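These notes concern the structure reproduced below.
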4 protein chains.
Amino acid sequence: MHSHHEIAIRVRYHETDAQGHVHHAIYFHYFELGRTELLRVAGYDYADLERNGVFLVVTEVACRYYQPCRFGDTLRLVIETTAIRGARMRHIYHLYRDEILLAKGESTIGCVDAHGKVRRLPETLANLEATQ
Amino acid sequence: MHSHHEIAIRVRYHETDAQGHVHHAIYFHYFELGRTELLRVAGYDYADLERNGVFLVVTEVACRYYQPCRFGDTLRLVIETTAIRGARMRHIYHLYRDEILLAKGESTIGCVDAHGKVRRLPETLANLEATQ
Amino acid sequence: MHSHHEIAIRVRYHETDAQGHVHHAIYFHYFELGRTELLRVAGYDYADLERNGVFLVVTEVACRYYQPCRFGDTLRLVIETTAIRGARMRHIYHLYRDEILLAKGESTIGCVDAHGKVRRLPETLANLEATQ
Amino acid sequence: MHSHHEIAIRVRYHETDAQGHVHHAIYFHYFELGRTELLRVAGYDYADLERNGVFLVVTEVACRYYQPCRFGDTLRLVIETTAIRGARMRHIYHLYRDEILLAKGESTIGCVDAHGKVRRLPETLANLEATQ
């Protein structure tokens, strides 16, 4: 019922830290990348949205880390849209290396205009869930 | 009863993104900085801990964003240790600009040895709460 | 005579800064990505090299910026190995969006062992130039 | 004759990479921090400059790395303005841990307006060299 998307992510060297693993803050870069790609497959270019005065801002994130990952790993990020309503979208993320679940995340995104004022999601985006 | 610490953080230019605000993943850098400084005021140098085979790894984080911040802002991060037990520590974070609450975060940190195996926190660290 | 490689790079949102452009330090992430991919097409996995005690460290970099790039851009990075000798490799980089040259970089990489001591490049790597 | 400034920089954990050292791209964050602080001691707030339509953009950077640095290190960055002319400023950087020179960098900064068009440096900034 909900929209899903999966992307492959190759760990970049600078994303690691002195423990030899990908730094925990980097996972939020991966999740953001997932959202960008999810929009893209749905026919949206986020850069265009911003040029049209639609800004998506992160209002809440969380992540649980189960297993570390390192440079050389190719990861698989599965992103799922769990809610789209009014000015908000919620996503959950599962990050895998092969079949091993490395981390599980979630985020809430709000929609604002160029002045930072909350606005409803564009109608086509709000209907994304049903059209995928 | 719990240990508190407060640090000042000046936003660095590269921490901002094209929306003109500090990118949401950067807040986890600030929280990490808070943990480092909290350890330091308690007499611990995290670099020394690692040299002695004590590695602290992040197992869970979350953040709610209320107001954006930008380059030029000086922020005030208040970190509080809410639990220290066995191999785990929990912290909560409040990030302010003047008296405005910008974000609220939390994290769970686990303790592992040089091989990534869970180990108890060093006793002195485990007693940190009471000694501050 | 020299080895070349070209990769496509999509700008990620967090790589931009408040001026709306990719931050100048990020270009060195792109160049590093280019080196990793150049090794990969030559049959080397840099993660394996490190596991075998071969560490490549950057000893010198430079970049000239001609035109900015932004989120939404797909870039084309052309990397060329200009010298491999003893413990050193030199590369030059040209970064394009379509046919527009955005930046031109160069780097020198040295080879060290696990203790940070300078060592010759593995013979197969040192012969890379001729074998491509 | 030229303006100098020195700042202390504590290495942050996320700035390190899997080799255990500060990643080479991070040095450009430190240099940028140096420029911000150099402006500040001269009475300029870069955030204000941007609000007044003065944007400083990096047009050229370079760095030589002599010794690595790691988490736990406190560094000393010495920044020197070597030229201010028309729309350009040049700086050189020396990064030390105690008396050990770790890296030496240089940069050229151009001045543009809000539309990215080259403009002369504000007169007070252009006179910075003489007034310090």
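The values are calculated or read from the model by the stated rules, or taken from the named source; none is laboratory data. Predicted, not measured: the structure shown is a model, and the values here were computed from it. Please note: Cβ atoms are built from the backbone with ideal geometry, for glycine as well, and neighbour counts cover all protein chains shown.
Structure notes:
- When segment A:88-125 is filtered for residues that are more than 30 Å from A:ARG70 (Cβ to Cβ), hydrophobic (A, V, I, L, M, F, W, C) and buried (at least 17 other Cβ atoms within 10 Å of the Cβ), the ones remaining, listed by number, are A:MET89, A:CYS111, A:VAL112, A:LEU121, A:LEU125.
- Subset of segment A:1-45 [modelled with pLDDT of 95 or more, touching a helix residue (DSSP H, G or I) at 6+ places or on another chain (Cβ under 8 Å) and among the hydroxyl-bearing types (Ser, Thr, Tyr)]: A:TYR13, A:THR36
- Test: residue in segment B:84-97 that is modelled with pLDDT of 95 or more, touching a helix residue (DSSP H, G or I) at 6+ places or on another chain (Cβ under 6 Å) and within 13 Å of chain D (Cβ to nearest Cβ): no
- With respect to being under 25 Å from C:LEU33 (Cβ atoms), surrounded by fewer than 18 Cβ atoms within 10 Å (Cβ to Cβ) and out of contact with any helix residue (DSSP H, G or I) (no Cβ under 6 Å at 6 or more places or on another chain), D:VAL57 fits the description.
- Qualifying positions in segment A:2-25 - within 7 Å of another protein chain (Cβ to nearest Cβ), of a type in the set (A, V, I, L, M, F, W, C) and closer than 17 Å to D:GLY20 by Cβ: A:ALA18
- With respect to (1) touching a residue at least 40 places away in the same chain (Cβ under 8 Å); (2) among the aromatic types (Phe, Trp, Tyr); (3) touching a Lys or Arg at 6+ places or on another chain (Cβ under 7 Å), the lone exception for B:PHE28 is condition (3).
- Only one of C:ARG70, C:ARG51, C:ARG64, C:ARG76 that is charged (D, E, K, R), closer than 30 Å to B:VAL22 by Cα and within 14 Å of chain A (Cβ to nearest Cβ): C:ARG70
- Unmet criterion (only one of (1) touching a residue at least 60 places away in the same chain (Cβ under 8 Å); (2) within 14 Å of chain C (Cβ to nearest Cβ); (3) over 18 Å from A:THR108 (Cβ atoms); (4) surrounded by fewer than 20 Cβ atoms within 10 Å (Cβ to Cβ)) for A:ALA42: (2)
- Scan of segment A:66-87 for residues that are among the hydroxyl-bearing types (Ser, Thr, Tyr) and within 30 Å of A:VAL112 (Cα to Cα), ordered by number: A:THR81, A:THR82
- Residue, nearest to the chain's Cα centre (by Cα), within segment B:1-31, restricted to residues that are buried (at least 23 other Cβ atoms within 10 Å of the Cβ) and closer than 18 Å to A:ARG64 by Cα: B:PHE31
Okay, residues lined up against (1) hydroxyl-bearing (Ser, Thr, Tyr); (2) closer than 21 Å to A:VAL58 by Cβ:
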| residue | (1), (2) |
| --- | --- |
| B:HIS23 | no, yes |
| B:TYR30 | yes, yes |
| B:LEU39 | no, no |
| B:ALA42 | no, no |
| B:TYR46 | yes, no |
| B:ARG51 | no, no |
| B:VAL61 | no, yes |
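- Among the residues examined, C:PHE28 qualifies as at the interface with chain A (Cβ under 10 Å from one of its Cβ atoms) and closer than 19 Å to D:TYR30 by Cβ.
- On inspection, D:TYR65 passes the criterion of being touching a residue at least 40 places away in the same chain (Cβ under 8 Å), touching a strand residue (DSSP E or B) at 6+ places or on another chain (Cβ under 7 Å) and among the aromatic types (Phe, Trp, Tyr).
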